[in-house]
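S.K.: Got a structure for you, questions after.
The values are calculated or read from the model by the stated rules, or taken from the named source; none is laboratory data. Note that this is a predicted model, so its numbers are computed, not measured. Every residue, glycine among them, receives a Cβ derived from its backbone with ideal geometry; neighbour counts consider all protein chains shown. Just so you know, the surface numbers come from the protein's heavy atoms only, side chains and all, with ligands and any DNA or RNA stripped out. Shrake-Rupley method; radii C 1.70, N 1.55, O 1.52, S 1.80 Å.
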Amino acid sequence: MATTTSVSSLASHATPPRYRVYLKEAKYDFLKMIRMPAYALPTILFPVMFYVLFGILLASRQPGHSVQMSTYLLATYGAFGVIGAALFSFGVGVATERGQGWLQVKRASPMPPTAYFFAKVVTCMIFSLVIAACLILLGVFFGNVHITATMAASLSLVLVLGSIPFCAIGLAIGYLAGPNSAVAVVNLIYLPAGFCSGLWIPLEFLPHFLQRVAYQLPPYHLGRLALATVGYAHGGHILLHVAELVFTTIAALVIARIAYQRDAGKLYG
Amino acid sequence: MSMEMMTAGATPLTQKAAPPIAWLQGVSKNYGTVQALRSVDLLIPAGEILALLGPNGAGKTTAVNLLLGLATPTGGTVRVFGADPSYPEARTRIGAMLQVARIPETLRVREHIDLFSSYYPSPLPLSETLRIAGLTDLKDRLFGQLSGGQKQRVLFALAICGNPDLLLLDEPTVGLDVEARRLMWDQIRHLVRSGKTVLLTTHYLQEADALADRIVVINKGEIGAEGTPAQIKAKTAGKRIQCVTALSTDEIGAIAGVNCVARNGRNTVIDSREPEKVIRELMSRDAALTDIEVSSAALEDAFLALTRDTQVQEGQVQ
């Protein structure tokens, strides 16, 4: 046992290949979430339900506009869906696991902290891809949406990558909100912000003051990027929206970092 | 006051042969205005079971969190395997069982263990971890489907699966029934026989006595008594004498059968296992001796608190 007291012996333990830890973490995070009906069902079914109601059934009653409407709402409900997947997975997930002490157990282990966040981003991206695929298939087969395979692929890509800023926002909420209030906080942000950003119904139908609010909201910018992939490239330069989302990501990560440190300092027992 | 008395009766740590694998030296930890630990020295000798015994809120969990690098000390030094525990490398040789409310319920027992094993350089085989923790038949159950005691065993499995040299077990048997508690005791003893070092916190004197090579009593953030279970029990078996006397503490300390002595205002407080003998001696030396009071449990400050908390806990479980 004498050797165990020397620092140098730490080096003799070869660390396992890091990527395997990351892969396992992602695999089990996904399994954990997909088996959680309270997360998996609303995350996928809400955007699908909204799109079927507003984008397919209601739009078909507007002759002449139906195709445009179905295509437009395909992009915006896609954005709405992936934002929800990100905010709930990170906001509620982190707040809950933090509140239960599970994050403490993880932090006490040699798990690389980035693996935890990597896994949650991967889970969120898989859910985002499922949402995008469901909406595109529904639109194409039932909503008379005519988009090329390239457009469908780029819409999916934008939605999957576009969930990242909202993962960051969710992370900040996860560290700021209590485990019991996180669901309420996320809903209070998610639903109004989605509506005001023109993700439920096109922005043009909203009052003028709400349209001006929309320009300040991250979901609006993701909505615009998604719309651009299906042929609605108005509302400002694409790079502007990308820059807004990058800025949002950085700002949210900074807030999350501060909240994390505040939380670690409070640790009591 | 009583704390000084207990320290006076403790065996010096330097008598221990085994080198310490981890230690706290002069460690204080404040949370805002709350002092969770005050200038605590704690050595964890290699290859032994050390029990940190104290009531809820005594600072046991804080000590564990400091050793895990989950908290940084306000003052003093913490070392684990010679290194600062905030370095993640040190954690590859530590397994921890913390007090948690819940862990993700939609993963299976074997999935939880498989994931945690992947964090460590040379983990135990899955079947071995399952066997030690008594979970072989439950390996395909979702965590949420387990009983309280079974969940506790999963947390124990997560602590041992990485084959760590040092195990930090924070109240490992809370919520377990008698049989499950004995089973976990057996497993912990077995791990130490195979060369592991264990620090466990508990508020059951009985548990510390059954398991530990050494017991350190902690209360209100300070180390009280420490010693072998026999020494600690001997103290609890003694009596406390309070009186008003003209004799000095040095004179009283020299009387055979006196464990420790201290002044408390005009009172003198003496702990002894042979109170009758000590009182006879006191009276023969000081004719003016007055206000004699004899109470049981010399470590009452620490242990009455312990028993009270234990009873409350058990009352809640029932």
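S.K.: Two-decimal Rg/Rh of chain A from alpha-carbon positions, Kirkwood Rh?
M.R.: My calculation puts Rg/Rh at 1.05.
S.K.: How much FRET efficiency would the formula 1/(1 + (r/R0)^6) give for A:Met49 and A:Leu210, where r is the Cβ-Cβ distance and R0 is 35 Å, rounded to 0.05?
M.R.: Once rounded, the FRET efficiency stands at 0.90.
S.K.: For helix A:18-34, report the angle its Cα long axis makes with the longest principal axis of the Cα atoms of chain A; keep it between 0 and 90° and round to the nearest 10°.
M.R.: Helix A:18-34 sits roughly 50 degrees off the main axis of chain A.
S.K.: Relative to the longest principal Cα axis of chain B, at what angle does helix B:300-317 sit, 0 to 90 degrees, rounded to 10?
M.R.: So the helix axis and the longest Cα principal axis differ by about 40 degrees.
S.K.: Scattering from the C-alpha atoms of chain B alone, worked out with Debye: what is log10 I(q)/I(0) at q = 0.07, 0.11, 0.12 1/Å?
M.R.: Here the Debye-derived log intensity ratios amount to -0.33, -0.73, -0.84.
S.K.: Considering only protein heavy atoms, what per residue accessible area in square angstrom results for the protein assembly as shown with a 1.4 angstrom probe?
M.R.: Each residue of the protein assembly as shown exposes 43 Å² on average to a 1.4 Å probe.
S.K.: Treating cross-link reach as a plain straight distance, find the aspartates and glutamates whose alpha-carbon is under 17 Å from the alpha-carbon of A:Lys106, omitting any fewer than eight places away in the same chain.
M.R.: Cα-Cα hits under 17 Å: A:Glu25, A:Asp29, A:Glu97, A:Asp263, B:Glu89, B:Glu105, B:Glu111, B:Asp114, B:Asp170.
S.K.: Per DSSP helix of 4 or more residues, -39500 (n - 2.57); summed, then divided by the residues of the protein assembly as shown. What does that give at 222 nm, rounded to the nearest 500?
M.R.: Roughly -16000 deg cm²/dmol at 222 nm, from the helical runs in the protein assembly as shown.
S.K.: Setting aside same-chain residues fewer than 8 positions from B:Lys277, which aspartates and glutamates have a Cα under 17 Å from its Cα?
M.R.: Reachable aspartates and glutamates: B:Glu251, B:Asp286, B:Glu293.
S.K.: While we're here: Just counting partner chain Cβ atoms within 10 Å, what average do the residues of peptide A:135-146 show around their Cβ?
M.R.: Mean shielding count: 0.
S.K.: In addition: Note the count of lysine pairs whose C-alpha atoms are less than 19 angstrom apart in segment B:2-233, limited to pairs 8 or more residues apart or on different chains.
M.R.: So the count works out to 5.
S.K.: State the antiparallel share, in %, of DSSP beta bridges confined to segment B:2-233, rounding to the nearest 5.
M.R.: So the antiparallel bridges amount to about 50 percent of the total.
S.K.: Oh, and also: Normalised by the residues of chain A, what does the relative contact order come to in percent, with Cα pairs under 8 Å and at least six apart?
M.R.: Here the relative contact order equals 24 percent.
S.K.: How far is helix B:178-193 tilted, in degrees, relative to the longest principal axis of the Cα atoms in chain B, given as a value from 0 to 90 rounded to the nearest 10?
M.R.: Approximately 90 degrees, to the nearest 10.
S.K.: Looking at the protein assembly as shown, send over the antiparallel percent of its DSSP beta bridges, to the nearest 5.
M.R.: So the antiparallel bridges in the protein assembly as shown amount to around 65 percent.
S.K.: What does the charge add up to near A:Met111, with Lys and Arg as +1, Asp and Glu as -1, over the other residues with Cβ less than 11 Å from its Cβ?
M.R.: +4
S.K.: Another question, if that's okay. Summarise the partner chain shielding of B:104-114 as one whole number: the mean count of Cβ atoms from other chains within 10 Å of each residue's Cβ.
M.R.: 4
S.K.: Between A:Ser181, A:Ser154, A:Ser109, where does the largest GNM mean-square fluctuation fall for chain A, given springs only between Cα atoms within less than 10 Å?
M.R.: Judging by the Gaussian network model, the answer is A:Ser109.
S.K.: For segment B:113-175, how big is Rg over Rh, using alpha carbon atoms and the Kirkwood form of Rh?
M.R.: Reported Rg/Rh, Kirkwood definition of Rh: 0.95.
S.K.: Can you give me the distance in nm between label points at B:Ser194 and B:Ala246, each placed 7 Å from the Cα along the Cα-to-Cβ direction?
M.R.: Distance between label points: 6.7 nm.
S.K.: Also: Under 10 Å, Cα contacts only: if you run a Gaussian network model on chain B, which one of B:Ala159, B:Ala180, B:Ala256 comes out with the highest mean-square fluctuation?
M.R.: B:Ala256
S.K.: Please report the spacing between the Cα centers of segment B:174-245 and segment A:143-197 in Å, no decimals.
M.R.: Value for the Cα centre distance between the two parts: 52 Å.
S.K.: As an exercise, take the mean of 1/r over every pair of distinct alpha carbons in the protein assembly as shown, invert it, and state the Kirkwood radius in angstroms.
M.R.: The Cα-based Kirkwood calculation yields 27.4 Å.
S.K.: Over chain B, what percent of the accessible surface lies on carbon and sulfur atoms, probe 1.4 Å?
M.R.: Of the solvent-accessible surface of chain B, carbon and sulfur hold 48 percent.
S.K.: Sticking with this structure for a sec: Run the numbers on segment B:239-296 and let me know its relative contact order in percent, using alpha-carbon pairs under 8 Å that are six or more apart.
M.R.: Averaging sequence separation for qualifying contacts and normalising by length gives 48 percent for segment B:239-296.
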